[in-house]
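To start, the structure itself, in structure tokens.
The values are calculated or read from the model by the stated rules, or taken from the named source; none is laboratory data. This is a predicted model, so every value here is computed, not measured. Neighbour counts are summed over all protein chains in view; Cβ atoms, including those assigned to glycine, are modelled from backbone coordinates with ideal geometry.
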Amino acid sequence: MEAEELVPLYSPASEAEAAVIAGLLDACEIRYFIRGGAFAKLYPGPLIQNYNTQTFMVRYADFADARVLLSDFTAPGEGAVESGRYTLGDKVRILFEALVYGWVIPGRRAKRAQDDEPSA
């Protein structure tokens, strides 16, 4: 039996999204493997690339069909790892959380508008 090359197709953001994608691929009889599937269930929480993320892997021959199948479900660029520049405030917050709390969650916080503040 010869080995088949698997290529990454999509990284879902939640378990529900993974279930929907698995159902779509099963319905079209596209064979897949979920890299990190069981490990992601053991360590829930914020998604950290290559730690607790899941990635759907499909055969190279099925990649084009699977991509077309998921194109209606996913928006362009969705499921990709966020790469961007962090502001000085973001870097200070990440360093503070790592030193004081022992965790690191990179990302940007949404800024609240002044109108959303409750009045006293």
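Key figures for this structure:
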item: Number of the exception - ILE30 against (1) surrounded by 12 or more Cβ atoms within 10 Å (Cβ to Cβ); (2) assigned to a loop (DSSP other than H, G, I, E, B); (3) modelled with pLDDT under 90; result: (3)
item: Failed condition for GLU5, given (1) at pLDDT 85 or above; (2) surrounded by 12 or more Cβ atoms within 10 Å (Cβ to Cβ); result: (2)
item: Residue pairs meeting the criteria (Cβ under 6 Å; at least 6 apart or on separate chains; first under 15 Å from PRO8 (Cα atoms), in the stretch 65-81; second at pLDDT below 75); result: VAL81/GLN49
